[in-house]
Amino acid sequence: MRCRNPSFRTRSSKVSGRFSSSLRTVRKRIARHKPEIGIILGSGLGLSEASLADAISIPYTDIEGFPVKRKGHDGSLLVGSLGNRGLAILQRRFHLYEGYDVTDLAYPVKLLHGLGIHVLIVTNAAGGIKKSLSPGDFMAITDHINLTGEDPLIGFEGGRSTMSPFVDMTFTYDPDLIRLARSVGRKTGIRVADGVLAAVKGPSYETPAEIRMLKGLGADAVCMSTVHEVIMARYLGMKVLGLSLITNYAAGILQERLTHQSILEAAGKNRERFERLITGIVNEIPV
Ligand code: HPA
């Protein structure tokens, strides 16, 4: 059978060549580091390089084959240790609204998996829909609703791979990791709620009517990312923890306009709490 999705033509020399080039570049640069946990940082969220021991930062533009579309893309892969855990942190993600293909969004996850990582923490900024969520709260994602119309597994027709693209999504977000996140939240005095995340394509924010619709569908928060990375992670058998930082009330909940700038600022303001929460979680994740 033929495979139309280029990221699955793992035996085709061109594509597997591209992926192995990416992997080779990163392996060479990180030398003796053996990252065990991958983290994808959402808009405005950060972990300082200074908090990692033996940190190595690799700009995405230095990673051969990495799907960087724009010159001056400021993303980098940060590898280092936190306590006795090896981390690989993607300091910026790709979005559909930037013009990336869905397979580009999932590529960094494949790379983390290729480095031997089996636990993935995905983070994002999200608008709170459920009444009990306020800006500054964290939400452990219990489930998601992918409304982007995109799936990184589309086009997979089997090829020579024995892995099925019909991935079970029943237990997508690991219940033990959700419990762990909530328990670390209690210990550190950081509120960690839980809820269902809806993902839309963006970049326009939702209308108040769309937010009412999302609420009716069962969404507690909304973002423009994350779900495609998570689908790829589940395809590859990785354990996933998803954490949303609620940066704003979703459109129409308050009689206020949303701006990208104010959302980035809200994320920035919570950077220290985010760092404390992630550090606590990472230290307790069994690997
Ligand atoms: N909608 C979509 N994405 C978001 C929002 C929002 O309100 N806030 C942060 N990311």
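Looking across P152, P67, P108, one residue alone is within 26 Å of T25 (Cα to Cα), surrounded by 18 or more Cβ atoms within 10 Å (Cβ to Cβ) and at pLDDT below 95. It is P67. Only one entry in A233, A199, A219 is surrounded by 21 or more Cβ atoms within 10 Å (Cβ to Cβ), within 16 Å of the ligand (Cβ to nearest atom) and within 16 Å of the chain's Cα centre (by Cα), namely A199. Of all residues in region 158-167, one or more are assigned to a loop (DSSP other than H, G, I, E, B), surrounded by fewer than 18 Cβ atoms within 10 Å (Cβ to Cβ), away from the ligand (no atom under 13 Å from the Cβ) and among the basic types (K, R).
Checking the structure you have, find out if any residue of region 119-141 is among the hydroxyl-bearing types (S, T, Y), at pLDDT 95 or above and touching a Leu at 6+ places or on another chain (Cβ under 8 Å). Taking every residue of region 119-141 in turn, at least one turns out to be among the hydroxyl-bearing types (S, T, Y), at pLDDT 95 or above and touching a Leu at 6+ places or on another chain (Cβ under 8 Å).
Checking every residue in region 250-273 against the condition of being crowded, with 24+ Cβ neighbours inside 10 Å and polar (S, T, N, Q) gives zero matches. None of A209, A233 is more than 27 Å from S48 (Cα to Cα) and either touching a His at 6+ places or on another chain (Cβ under 7 Å) or small (G, A, S) (or both) except A209. Counting only residues that are away from the ligand (no atom under 13 Å from the Cβ) and of a type in the set (K, R), which one in region 77-129 is nearest to S16 (Cα to Cα)? By that ranking, first place goes to K110.
The residues listed here are L41, L47; of these, the one that is at pLDDT below 90 and buried (at least 18 other Cβ atoms within 10 Å of the Cβ) is L47. Before we move on, is D174 surrounded by fewer than 22 Cβ atoms within 10 Å (Cβ to Cβ) and out of contact with any helix residue (DSSP H, G or I) (no Cβ under 6 Å at 6 or more places or on another chain)? When the stated conditions are applied, D174 passes them. For V102, the conditions (1) out of contact with any Asp or Glu (no Cβ under 6 Å at 6 or more places or on another chain); (2) over 22 Å from F171 (Cβ atoms) are fulfilled apart from (1). Look at region 238-251: where a residue is within 22 Å of G116 (Cα to Cα) and part of a strand (DSSP E or B) and a partner is of a type in the set (A, V, I, L, M) and within 14 Å of the ligand (Cβ to nearest atom), sitting 6+ places away or on another chain with Cβ atoms under 6 Å, you get G242/V122; G242/I141.
Can you find a residue that is within 8 Å of the ligand (Cβ to nearest atom) and either part of a helix (DSSP H, G or I) or basic (K, R) (or both) anywhere in region 258-266? Give the steps one after another, and end with the answer.
From region 258-266, those within 8 Å of the ligand (Cβ to nearest atom) are 258, 263; that's our starting set.
So of that shortlist, the ones also either part of a helix (DSSP H, G or I) or basic (K, R) (or both) come out as 263.
Yes - at least one qualifying residue is present in region 258-266.
The values are calculated or read from the model by the stated rules, or taken from the named source; none is laboratory data. Worth saying up front: this structure is predicted, and the values here are computed from it rather than measured. Every residue, glycine as well, gets a Cβ built from its backbone with ideal geometry; the counts of neighbours run over all protein chains shown.
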